[in-house]
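First the structure, in the form of structure tokens, and then the observations on it.
The values are calculated or read from the model by the stated rules, or taken from the named source; none is laboratory data. Because the structure is predicted, anything quoted here is derived from the model rather than measured. Positions of Cβ are backbone-derived with ideal geometry, glycine not excepted, and every protein chain shown enters the neighbour counts. Accessible surface areas use protein heavy atoms only, side chains included; no ligands, DNA or RNA. Shrake-Rupley method; radii C 1.70, N 1.55, O 1.52, S 1.80 Å.
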Amino acid sequence: MGLEFLDVFEQWADSYDESVGGNNREYKAVFAGYEQILEAVTALSKGNVVEFGVGTGNLTKKLLDSGLKVTGIEPSVPMRGIAEAKLGTKAKILDGDFLHFPEIINVDTIVSTYAFHHLTDVEKDEAIAKYGKLLSKGGRIVFADTMFESVEEYNNAIVKAREQGFHNLAKDLETEYYTTIPILKSILENSGFTVSFNRCNHFVWLMKGEKR
């Protein structure tokens, strides 16, 4: 489940917050409006929340500050350590990933930001099917992540990154499992969700799925 990328995030842990703050030139467009994106995910969340890919706990903090109960899932030990130091005892952060995690009950909302692209499309389908079984009618999946309207748009993004000299970004786009909105729409609908997408910046879209 994207654990092949875990070493990257273990190395990135200490500088992640600096990167999302816009100090990394290559990824500035990816993280444009970062705080607003986290706030948008928080605004659509309700009840008992499970967050996949907690990272350094930035979204978790906003969810907690809004009065929600949060259980976090994070496979990276360094990332978990930073999140726990930031959040204290306010949230429970467990070892796990999108597909393998401890048993959780009474889930109202499942959230994630900047992480679902670590899964292949087959794994994304498997994960959404699992979440469909966890959620009752009206339960929500709220993800913000890099995705593309078409394969052509995805390929153009790689070309543009190279033209700009953003070789790390280009490699990232080619290496990880970025997908398209039509594929995600089909995956969610097949698992019993009504889904909508709203663009947040040039790369990131907000995906909301509601269990029918």
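Once backbone amide H atoms are built at 1.01 Å from N, residue 135 has no partners under 5 Å, excluding neighbours fewer than 5 places away on the same chain.
The string of couplings for segment 149-154 from the Karplus curve (6.51, -1.76, 1.60, θ = phi - 60°) is 6, 7, 5, 4, 5, 4 Hz, one whole number per residue in order, with x for Gly and Pro.
Please list 111, 159 in order of solvent-accessible area, largest first, computed with a 1.4 Å probe with all protein chains present.
On the way: 111 0, 159 70 Å².
These residues rank, largest area first, as 159, 111.
Per-residue 3J(HN,Hα) values for segment 80-90, derived from phi via the Karplus relation 6.51 cos²θ - 1.76 cosθ + 1.60 with θ = phi - 60°, read 4, x, 5, 4, 5, 5, 6, 9, x, 9, 6 Hz in sequence order (x marks Gly and Pro). In this Cβ point-charge picture (+1 for Lys and Arg, -1 for Asp and Glu), segment 83-155 has a dipole of about 560 debye about its Cα centre.
Proximity of backbone amide H atoms, modeled 1.01 Å from N, is registered between residue 48 and 108, 109 at under 5 Å, excluding neighbours fewer than 5 places apart on the same chain. Residue-wise HN-Hα couplings along segment 182-199, as the Karplus relation 6.51 cos²θ - 1.76 cosθ + 1.60 with θ = phi - 60° gives them from phi, are x, 5, 5, 4, 5, 4, 5, 5, 5, 9, x, 10, 8, 10, 9, 10, 10, 6 Hz; Gly and Pro carry x. In the chain, helical runs assigned H by DSSP with n ≥ 4 each contribute -39500 (n - 2.57); averaged across all residues and rounded to the nearest 500, the mean residue ellipticity at 222 nm is -11500 deg cm²/dmol.
Roughly to the nearest percent, how much of the accessible area of the chain is carbon and sulfur, given a 1.4 Å probe?
49
Rounded to the nearest angstrom and listed largest first, the equivalent-ellipsoid semi-axes of the chain from its Cα gyration tensor are 25, 21, 15. Simple rule: put +1 on each Lys or Arg Cβ and -1 on each Asp or Glu Cβ in segment 92-212, find the dipole, and look at 118, 190, 165; the Cα lying farthest toward the positive end is 190.
Note on the chain: with charges restricted to the Cβ of Lys and Arg (+1) and Asp and Glu (-1), its dipole about the Cα centre is near 900 debye. Within the full protein context, the accessible area of residue 146 is estimated at about 10 Å² for a probe radius of 1.4 Å. As a length-normalised measure over Cα pairs under 8 Å and 6 or more apart, the relative contact order of the chain settles at 21 percent.
So which of 62/124; 92/185; 28/62 end up more than 27 Å apart, counting from Cα to Cα? Violating the 27 Å Cα-Cα cut-off are 92/185.
Amide H to amide H distances under 5 Å link residue 145 with 114, 205, 207, where only residues 5 or more positions off or on other chains count and H is placed in the peptide plane. FRET efficiency for the pair residue 153 and residue 46, taken as 1/(1 + (r/R0)^6) with r the Cβ-Cβ distance and R0 = 41 Å, rounds to 0.80.
From the cross-link list 86/160; 61/160; 46/86; 69/171, which pairs have alpha carbons spaced over 26 Å apart? Each step should come with its number before you reach the end.
On the way: 86/160 36 Å; 61/160 34 Å; 46/86 22 Å; 69/171 37 Å.
Correct reply: 86/160; 61/160; 69/171.
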